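Participant: Take a look at this one; I'll ask things after.
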Protein chains: 2
Amino acid sequence: MDRRTLLGGSGVLLAAQALSLKTEARAVMTPVLAEDQHFMQLAIEQAKLGDFPFGAVIVRDGKVVAEGFNSGKRLHDPTAHGEMMAIRHFLENHSPQEFQDATLYTSGEPCVMCMGAIIWCRFKRMVFAASISELATRIGQIDITSAQIAKATPFLAIEITGGVLSAEAMQLFPEKQ
Amino acid sequence: MDRRTLLGGSGVLLAAQALSLKTEARAVMTPVLAEDQHFMQLAIEQAKLGDFPFGAVIVRDGKVVAEGFNSGKRLHDPTAHGEMMAIRHFLENHSPQEFQDATLYTSGEPCVMCMGAIIWCRFKRMVFAASISELATRIGQIDITSAQIAKATPFLAIEITGGVLSAEAMQLFPEKQ
């Protein structure tokens, strides 16, 4: 475990601490699992292929069943974020009911659009690397976190883990000039 | 102008008043325009075709250029909300740059997913009928308004008008049993 991994771990703690202040939260902040770094590395590999460096994988029964990377420029579609592409690819081969025991790994914390999609799909768990506040130092973000959206959702309790390999995900972005 | 239209008008005022308290808001609440009822009626006609009664139209240069209705069940796609379908149909025939002088009319205030998509597409204006708080009396909603999302977006000032024909849009939903 190198220094960057340790930094990723501290990110998770910060997120969990921030949320624990809100007792009514429906988002369940969960610890990093043994397999999370492996699958997040695959999401980061997807990000390297993107028009903007964001990527995602969907995992079910311990296997990657769909992948996606930001394709906004090549598809001329501003909604083609990494998470949305992974969801579209998942739906080509799976029924929507199968989201309910799936985990989405994404190199960047989902924006409101993607987090909304993740909730409507009823994913069991979502794991992100770089947080929205980290990403906002590099690229324009809508300043609402995935935990805030989960907390505002009365009909679903999604598990969220943040900060896994966040330093690696941030390295995909050039420093602001 | 009938009673329901007047109610719709008061909805706009309430939304504008609530937002005016937040001076840093990037959402620009705009008054109802002469053509809004006509285009909202078309969005409501779309809603009548939906798997759930939500519909949208996209207007550019005074003409409807794309339509959409909720197709979640028939497409087996939980992200196929009315607004997302209208955006997908728009992109089949238009470049994303053309969103920048377009208005989206939707029978229900956009959820976080759809409002995120509307922002990433950089629509000039969004007009809704029934508000999220009204819709939540009939069907599960994520409790974050379109104005809250617009306010959290530093890179875009989208115009928002709410409450146009909201009573007509609400009539599409059965009363809760």
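The values are calculated or read from the model by the stated rules, or taken from the named source; none is laboratory data. Computed from a predicted model, the values in this text were never measured in an experiment. For neighbour counting, all protein chains shown are included, and Cβ atoms are generated from backbone atoms with ideal geometry for every residue, glycine included.
Participant: Which of the residues spanning the range B:99-126 are in contact (Cβ under 8 Å) with a residue 60 or more places away in the chain and among the basic types (Lys, Arg)?
Facilitator: Once the filter is applied, which keeps residues that are in contact (Cβ under 8 Å) with a residue 60 or more places away in the chain and among the basic types (Lys, Arg), the range B:99-126 yields only B:ARG125.
Participant: Just to be sure I understand the filter: pairs with C-beta atoms under 9 Å, separated by 6 or more residues or on different chains, first member in the range A:146-167 and under 16 Å from A:PRO31 (Cβ atoms), second member charged (D, E, K, R) and assigned to a strand (DSSP E or B). Which pairs pass?
Facilitator: Between residues of the range A:146-167 that are under 16 Å from A:PRO31 (Cβ atoms) and residues that are charged (D, E, K, R) and assigned to a strand (DSSP E or B), the close pairs are A:ILE158/A:ARG125; A:GLU159/A:ARG125; A:ILE160/A:ARG125; A:THR161/A:ARG125.
Participant: Additional query: Mind listing whichever residues of the range B:47-65 are within 18 Å of B:ARG138 (Cβ to Cβ) and of a type outside the set (A, V, I, L, M, F, W, C)?
Facilitator: Passing the criteria: B:LYS48, B:GLY50, B:ASP51, B:PRO53, B:GLY55.
Participant: Residue check, B:ALA34 against (1) out of contact with any Phe, Trp or Tyr (no Cβ under 9 Å at 6 or more places or on another chain); (2) modelled with pLDDT of 95 or more; (3) exposed (fewer than 14 other Cβ atoms within 10 Å of the Cβ), all met but one. Which one?
Facilitator: Unmet for B:ALA34, out of (1) out of contact with any Phe, Trp or Tyr (no Cβ under 9 Å at 6 or more places or on another chain); (2) modelled with pLDDT of 95 or more; (3) exposed (fewer than 14 other Cβ atoms within 10 Å of the Cβ): (2).
Participant: Residues that are out of contact with any helix residue (DSSP H, G or I) (no Cβ under 8 Å at 6 or more places or on another chain) and surrounded by fewer than 20 Cβ atoms within 10 Å (Cβ to Cβ): find the helices (runs of 4 or more DSSP H) completely inside the range A:76-177 holding 2 or more of those.
Facilitator: Working: elements: A:82-93, A:112-121, A:132-135, A:146-151, A:166-170.
Answer list for the range A:76-177: A:82-93.
Participant: Hey, could you check the range B:92-139 for residues that are within 21 Å of B:LEU165 (Cα to Cα) and among the β-branched types (Val, Ile, Thr) and say which is farthest from the other protein chains (Cβ to nearest Cβ)?
Facilitator: Here the residue is B:VAL127.
Participant: Would it be correct to say that B:HIS89 is more than 7 Å from chain A (Cβ to nearest Cβ), in contact with a Cys (Cβ under 6 Å, 6 or more places away or on another chain) and free of Cβ contacts under 8 Å to residues at least 40 places away in the same chain? Full working, then the answer.
Facilitator: Working: more than 7 Å from chain A (Cβ to nearest Cβ): yes; in contact with a Cys (Cβ under 6 Å, 6 or more places away or on another chain): no; free of Cβ contacts under 8 Å to residues at least 40 places away in the same chain: yes.
So B:HIS89 does not fit the description; no.
Participant: Restricting to the range A:140-177, count the residues that are among the polar types (S, T, N, Q), under 12 Å from the mean Cα position of the chain (by Cα) and either more than 13 Å from chain B (Cβ to nearest Cβ) or over 14 Å from B:MET113 (Cα atoms) (or both). Explain how you work it out, then say what you get.
Facilitator: If we filter the range A:140-177 for residues that are among the polar types (S, T, N, Q), which is where we start, we get A:141, A:145-146, A:148, A:153, A:161, A:166, A:171, A:177.
Remaining after also requiring under 12 Å from the mean Cα position of the chain (by Cα): A:145-146, A:161, A:166.
Remaining after also requiring either more than 13 Å from chain B (Cβ to nearest Cβ) or over 14 Å from B:MET113 (Cα atoms) (or both): A:161, A:166.
Count: 2.
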